[in-house]
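Asks: For reference, the structure I am asking about is given below.
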Amino acid sequence: MRRSLAVLALLTAGAPALAAGEYDRALRVDVAVLQGDARLLADPATSAIRRTGLQARIASILGTLDMTARERNNHSPSAQIPLPAVAALRADFRQGRSERFLRSATSLATTLPLDTTYFIPLIQTPLRAKTGGDLYRTLCIGCHQYSDPHAANPAPNLFDMARSTPSTEFVARMLGGVHGVPRTTLKNPFSDEEIASLMVYFAAGHP
């Protein structure tokens, strides 16, 4: 998943530049993930330790969201994203008003919808199922087979997440980045086709 830290790393001196469309996608992915985290933060069933982890992750994304938005605007001058909307989102979070933050995040996500046409509807094929299984067993299972309920930001069970997470949010989290082995740290190492294959495997419900 490409997270805010990945965006920050890519924008530093000497880092490869993103294509114009990638800046736009990175912003929309961050906003979709923020909306999902805001939903979990506002849910009374979310545990205290989980809230702590969500708040840390939200603060991290908000820390570079302005920069991501500016870079996106610089590469798309004909279709500017209003930066005050990002500032309002940050203000709501800092005030600790989870319901208001959720409304602000939802409003921004509506303004910046993530293009999920490659993934939704999900086309299931035997090749995708096999590819997804191979990727999961090679790169994912070590962290995601078991989810620690006492961790602030646990590595989730991806089969459970595929069943319970809104589809657009799940796509955003898959695109946003994964963290674990060196190949998957800080940014999303997978192509869209590989992500679609993983999603097919998760949707099949394999243990």
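The values are calculated or read from the model by the stated rules, or taken from the named source; none is laboratory data. The structure displayed is predicted, hence computed values, not measured ones. Ideal geometry is used to build each Cβ from the backbone, glycine not excepted, and the neighbour counts take in all protein chains shown. Each accessible area value is taken on the protein alone, full model and side chains, heavy atoms only, with ligands, DNA and RNA left out. Shrake-Rupley method; radii C 1.70, N 1.55, O 1.52, S 1.80 Å.
Asks: Return the pair list, or none, for Cβ contacts closer than 7 Å from residues in the stretch 123-142 that are of a type in the set (Ser, Thr, Tyr) to residues that are open to solvent by 40 Å² or more (accessible area, probe 1.4 Å), at least 6 apart or on different chains.
Replies: Sorted first by the residue in the stretch 123-142, then by its partner, the pairs are 131/194.
Asks: Next question, about the same structure. Can you tell me which residue in the stretch 153-174 is farthest from residue 61 (Cα to Cα), limited to those that are at pLDDT 90 or above and among the hydrophobic types (A, V, I, L, M, F, W, C)?
Replies: 159
Asks: Which is free of Cβ contacts under 8 Å to residues at least 24 places away in the same chain, among the hydroxyl-bearing types (Ser, Thr, Tyr) and closer than 14 Å to residue 31 by Cα, of 107, 60, 78?
Replies: 107
Asks: Checking residue 72 against (1) within 24 Å of residue 158 (Cβ to Cβ); (2) modelled with pLDDT under 90, only one condition comes out false. Which one?
Replies: The failed condition is (1).
Asks: Right, something else. Looking at the stretch 130-153, which of its residues are open to solvent by 40 Å² or more (accessible area, probe 1.4 Å) and among the aromatic types (Phe, Trp, Tyr)?
Replies: Correct list: 146 only.
Asks: Would you check which residues across the stretch 105-129 are open to solvent by less than 40 Å² (accessible area, probe 1.4 Å) and either over 21 Å from residue 56 (Cα atoms) or more than 17 Å from the chain's Cα centre (by Cα) (or both) and list them?
Replies: 112, 114, 116, 119, 128, 129, listed by residue number.
Asks: Mind counting the residues in the stretch 89-104 that are open to solvent by 50 Å² or more (accessible area, probe 1.4 Å) and free of Cβ contacts under 8 Å to residues at least 40 places away in the same chain?
Replies: Matching residues across the stretch 89-104 total 6.
Asks: On the basis of being among the small types (Gly, Ala, Ser) and part of a helix (DSSP H, G or I), does residue 152 make the cut?
Replies: no
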